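Chemist: Structure below; questions to follow.
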Amino acid sequence: MKEFSLDYLKCIKCASKLELEILKKHNEIEEGFLQCKQCKSLFPIIEKIPILWDDFTSYISNRRMLGGKLVNSVSNPMKDFIKNSLKTKDRIHEDRTRLEERWANIYQKSSRSKFYSVIRKELENLPHSKMALEYGCSIGTITPTLAKSNELAFGVDRSFIAIKIASSNSKANLDYFVADSNSPIFGKTKFDLILALNILELIEPLDFLKKISRQLKKGKLIITDPYDNDRGPNSIKHPMDENSLRKNLRDLKFKINSKTLKPSHISWNLKINPRTNLIYKVDLVITEK
């Protein structure tokens, strides 16, 4: 974790300022805790990555294999924290560790897809600004591009495994966090640019758009999605399509760039395995306030 991030992070439970306890530091904070003095919430920083989850016990108990690996690589205070978190929750049948490892690997193998070239080109055409943020950044395929043209850049994703890969190629003005994209980890911080690529089927989209609207007093939003909303029992309750996305953006006072008024079909090629490719046709919407 970069120390400058502390100026922007807030407790996700009560929105109070977080205080930093450093356990290990070399150039940046490798291990420690972010603590809220107001509500006493504690958020660990493990292998340089802050995990800003409202219930760390719930997060790690759904990733017990990950927890077992982390226990072997941390200091004694963090080891005790992780072990206690694993103890205090009943065993969860679905361990997300292998699933998140698999998708991180797929994204790594698919990083040359045309889709990412299109997004980079759009970002490179934007003027330089101060604060940029990518939600659902995964392994950080695009986030470093934000760091090139913005004073500070941040990436957020649920997967510790993906963020670990992203942070291995970080820049001095770029920092990554494990968090839910609908979680208020930045409090009332305002951004100049927000990027959200292909995550609307993973979180409640209207709640997400309302949150982004509050974070962009004046700025740009670049959002894409293939609208693959059928996720079985994990499906969101109120999905959007290409028309409802644009309508909701207008209702939130976003102005849609003329070239993305009509839906697009950009190829996003995901290499699932040597014999299988998954090809999405992704819709791009560029907006501003």
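The values are calculated or read from the model by the stated rules, or taken from the named source; none is laboratory data. Here the structure is a predicted model, which is why all the values come from computation and not from measurement. Virtual Cβ from ideal backbone geometry, glycine too; neighbours counted across all protein chains shown.
Chemist: Being surrounded by fewer than 17 Cβ atoms within 10 Å (Cβ to Cβ), part of a loop (DSSP other than H, G, I, E, B) and not hydroxyl-bearing (S, T, Y) is the filter here; which residues of the range 149-172 pass it? Break it down stepwise before answering.
Modeler: In the first step, residues of the range 149-172 are kept if they are surrounded by fewer than 17 Cβ atoms within 10 Å (Cβ to Cβ); the result is 149, 151, 168-169, 171-172.
Then drop every residue that is not part of a loop (DSSP other than H, G, I, E, B), which leaves 168-169, 171-172.
Scanning the range 149-172 gives N169, K171, A172.
Chemist: Within the set of pairs 6+ apart or on separate chains, which have a first residue in the range 159-173 that is under 21 Å from M65 (Cα atoms), a second that is in a loop (DSSP other than H, G, I, E, B), and C-beta atoms under 6 Å apart?
Modeler: Close Cβ pairs satisfying both conditions: A162/S138; A162/I139; I165/I139; A166/I139; A166/G140; S167/K48.
Chemist: Follow-up. Test each condition in (1) basic (K, R); (2) closer than 30 Å to L284 by Cα; (3) over 18 Å from the mean Cα position of the chain (by Cα) for K69 and report the one that comes out false.
Modeler: Looking at each condition in turn, K69 falls short on (2).
Chemist: Out of the residues in the range 176-198 that are β-branched (V, I, T) and more than 10 Å from the chain's Cα centre (by Cα), state the one that is nearest to K289 (Cα to Cα).
Modeler: If we filter the range 176-198 for residues that are β-branched (V, I, T), which is where we start, we get 178, 185, 189, 194.
Going one step further and asking which of them are more than 10 Å from the chain's Cα centre (by Cα), we end up with 185, 189, 194.
Values: I185: 22, T189: 16, I194: 12 Å.
For the range 176-198, the residue satisfying everything is I194.
Chemist: If I filter the range 238-258 for residues that are in contact (Cβ under 8 Å) with a residue 60 or more places away in the chain, in contact with a helix residue (DSSP H, G or I) (Cβ under 7 Å, 6 or more places away or on another chain) and within 13 Å of P205 (Cβ to Cβ), do I get at least one hit? Reasoning before the result, please.
Modeler: The first filter runs over the range 238-258 and keeps only residues in contact (Cβ under 8 Å) with a residue 60 or more places away in the chain, leaving none.
No, the conditions are met nowhere in the range 238-258.
Chemist: Residues in the range 1-60 that are part of a strand (DSSP E or B), in contact with a Cys (Cβ under 9 Å, 6 or more places away or on another chain) and farther than 21 Å from S181 by Cα: how many?
Modeler: 1
Conditions (1) under 16 Å from the mean Cα position of the chain (by Cα); (2) surrounded by 20 or more Cβ atoms within 10 Å (Cβ to Cβ); (3) part of a helix (DSSP H, G or I), marked per residue:
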{"position": "D95", "(1), (2), (3)": "no, no, no"}
{"position": "R98", "(1), (2), (3)": "no, no, yes"}
{"position": "R102", "(1), (2), (3)": "no, no, yes"}
{"position": "N105", "(1), (2), (3)": "no, no, yes"}
{"position": "K121", "(1), (2), (3)": "no, no, yes"}
{"position": "L133", "(1), (2), (3)": "yes, yes, no"}
{"position": "P144", "(1), (2), (3)": "yes, no, yes"}
{"position": "A147", "(1), (2), (3)": "yes, yes, yes"}
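Chemist: Same structure again: Which condition from (1) surrounded by fewer than 20 Cβ atoms within 10 Å (Cβ to Cβ); (2) closer than 25 Å to D54 by Cβ is the one that F186 breaks?
Modeler: In the conditions (1) surrounded by fewer than 20 Cβ atoms within 10 Å (Cβ to Cβ); (2) closer than 25 Å to D54 by Cβ, F186 misses (1) alone.
Chemist: Filter the range 55-74 down to the residues that are farther than 19 Å from R98 by Cβ and either buried (at least 16 other Cβ atoms within 10 Å of the Cβ) or at pLDDT 95 or above (or both) and list them by number. First the steps, then the outcome.
Modeler: So the first thing to find is which residues in the range 55-74 are farther than 19 Å from R98 by Cβ, and the list is 55-57, 74.
Of everything in the range 55-74, those that are farther than 19 Å from R98 by Cβ and either buried (at least 16 other Cβ atoms within 10 Å of the Cβ) or at pLDDT 95 or above (or both) turn out to be F56, V74.
Chemist: Quick check: anything in the range 178-201 in contact with an Asp or Glu (Cβ under 6 Å, 6 or more places away or on another chain) and under 23 Å from E3 (Cβ atoms)? Working first, answer last.
Modeler: Going residue by residue through the range 178-201, those that are in contact with an Asp or Glu (Cβ under 6 Å, 6 or more places away or on another chain) are 182, 195, 198, 200-201.
This time we only want the ones that are under 23 Å from E3 (Cβ atoms), so: none.
No: the range 178-201 contains no residue that is in contact with an Asp or Glu (Cβ under 6 Å, 6 or more places away or on another chain) and under 23 Å from E3 (Cβ atoms).
Chemist: Would you point out the residue of the range 227-244, among those that are touching an Asp or Glu at 6+ places or on another chain (Cβ under 7 Å) and at negative phi, that is surrounded by the most Cβ atoms within 10 Å (Cβ to Cβ)? I'd like the intermediate steps shown before the answer.
Modeler: Filtering the range 227-244 for residues touching an Asp or Glu at 6+ places or on another chain (Cβ under 7 Å) gives 227-229, 231, 236-239, 242.
Of the ones still in play, those that are also at negative phi are 228-229, 231, 236-239, 242.
Working: D228: 14, N229: 16, R231: 11, I236: 17, K237: 7, H238: 10, P239: 19, E242: 14.
Ranking the candidates gives P239 first.
Chemist: Condition check: closer than 14 Å to E288 by Cα and of a type outside the set (F, W, Y). Does L216 satisfy that?
Modeler: yes
Chemist: Here is a further query. Kindly indicate the residue of the range 204-223 that is in a loop (DSSP other than H, G, I, E, B) and buried (at least 18 other Cβ atoms within 10 Å of the Cβ) and also farthest from the chain's Cα centre (by Cα) among those meeting that condition.
Modeler: Taking the range 204-223 first, the residues in a loop (DSSP other than H, G, I, E, B) are 204, 216-219.
If we keep only those that are buried (at least 18 other Cβ atoms within 10 Å of the Cβ) as well, we get 216, 219.
Working: L216: 17, G219: 19 Å.
The qualifying residue farthest from the chain's Cα centre (by Cα) is G219.
Chemist: While we're looking at this one, here's another question. Out of the residues in the range 224-281 that are of a type in the set (K, R) and in a strand (DSSP E or B), state the one that is farthest from the chain's Cα centre (by Cα). Steps first, please.
Modeler: Filtering the range 224-281 for residues of a type in the set (K, R) gives 231, 237, 246-247, 250, 253, 255, 259, 262, 271, 275, 281.
Remaining after also requiring in a strand (DSSP E or B): 255, 271, 281.
Numbers: K255: 24, K271: 22, K281: 22 Å.
The residue in question is K255.
Chemist: So the check is Cβ under 9 Å with 6+ separation or different chains; which pairs have a first residue in the range 198-210 that's within 13 Å of Y227 (Cα to Cα) and a second one that's small (G, A, S) and not in a loop (DSSP other than H, G, I, E, B)?
Modeler: Matching pairs, first to second residue: P205/S244.
Okay, residues lined up against (1) exposed (fewer than 13 other Cβ atoms within 10 Å of the Cβ); (2) over 23 Å from E151 (Cα atoms); (3) in the same structural domain as F56 (by TED's automatic domain parsing):
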| position | (1), (2), (3) |
| --- | --- |
| L23 | no, yes, yes |
| N27 | yes, no, yes |
| E30 | no, no, yes |
| F43 | no, yes, yes |
